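Trainee: Input: one structure, supplied below.
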Amino acid sequence: MAATMMEMASVKVVGLRASLPVQNSVGKHLGGARLATITSPKLMTSLAAGGRVRCESSTGGGGKGPLADAKRAVDGSTKQEITKDDILRNQETNESEKKSVFGAKPTSGSVYPRPELERRPETGSKSFWSVMAFDGAAPETINGRLAMLGFAWAVLAEKLTGLTVLEQVFNPDTIGLVYFLGVVQLFTYASLVPIMSGESTDARSFGPFTAKAERWNGRLAMIGFSSLIITELITHTAFFQ
């Protein structure tokens, strides 16, 4: 009696690849599963009858459609490739890369400070702990963006409500804490996605909107926002009334 063997057939149909088990009655023992590839305008019912169908995308070469076209257009006008040679050149010529803010010399393999080549997402580790380290690409970027948003919102909200920043967040009669937690998560996630995909903020620019300008604006906003909170803790009144 012929033995019933299971094989995996890979069927590529209209941009989809389906892997499904099919029955193959053969009078001799097969040494292993054979992978059959069939290209057809429709999925043959004789293949599908044997069991489950597993489909996966096989588009390749980038996506299609208006969203993909828009992304390519944005990338073409704002994105520049940062190569390993560019990083090494900056690491050798930029004085700020030769020592940390505390005066320590960057050493390969150290926790802090790390050479630019190791801490940049383009060439270094893209793990969460690496990008979120003290000298990683994420902390200053995320804190700066949140500070810019927080300072701008504080000015507007204090004008409208007369409440201090802390009152806006922790007052039980308001839902400022909900907004605060939501915005922190949203901005953190949106900032981490490109960084952990191997793209630093220096890879994007559009006219005056550059990574350097964002860093300086973020640093000033962090100082300004911290000063605003401290001032209002001392005076117990909203600074922008």
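The values are calculated or read from the model by the stated rules, or taken from the named source; none is laboratory data. For clarity, every value in this text was computed on a predicted model and none was experimentally measured. Cβ atoms come from the backbone with ideal geometry, glycine included; neighbour counts cover every protein chain shown. Accessible surface areas use protein heavy atoms only, side chains included; no ligands, DNA or RNA. Shrake-Rupley method; radii C 1.70, N 1.55, O 1.52, S 1.80 Å.
Trainee: Once you have the Kirkwood Rh of segment 89-132 from its Cα pairs, apply Stokes-Einstein at 37 °C and 0.692 mPa s and quote D in µm²/s.
Mentor: 304 µm²/s
Trainee: Here's something else I'd like to know. Longer than 26 Å from Cα to Cα, which of Lys71/Lys98; Lys64/Lys212; Lys84/Lys212 are they? Say none if no pair is.
Mentor: Lys71/Lys98; Lys64/Lys212
Trainee: How large is the translational diffusion coefficient of segment 172-241 in µm² per second when you combine the Kirkwood radius over alpha carbon pairs with Stokes-Einstein at 4 °C and 1.567 mPa s?
Mentor: Translational diffusion coefficient: 86 µm²/s.
Trainee: Quick one: what do you get for segment 154-198 if you divide its Cα Rg by 2.2 N^0.38 Å? Don't skip to the end; give the middle numbers.
Mentor: Working: Rg = 14.1 Å, N = 45, 2.2 N^0.38 = 9.3 Å.
Ratio of Rg to 2.2 N^0.38 Å for segment 154-198: 1.51.
Trainee: Segment 73-151: which chymotrypsin sites (Phe, Trp or Tyr not before Pro) are DSSP loop and have at most 15 other beta-carbon atoms within 10 angstrom? Walk me through the numbers before you get to the answer.
Mentor: Working: sites: Phe102, Phe128, Trp129, Phe134, Phe151; in loops: Phe102, Phe134.
Sites meeting the loop and neighbour criteria: Phe102, Phe134.
Trainee: If you take the beta carbon distance between His236 and Thr174 as r and set R0 to 22 Å, what does 1/(1 + (r/R0)^6) give as a FRET efficiency, to the nearest 0.05?
Mentor: 0.80
Trainee: In terms of solvent-accessible area of protein heavy atoms at a 1.4 angstrom probe, what is the ranking of Val193, Val155, Val165, highest value first? Don't jump to the answer; show the numbers that get you there.
Mentor: On the way: Val193 65, Val155 45, Val165 15 Å².
So the residues, ranked largest to smallest area, are Val193, Val155, Val165.
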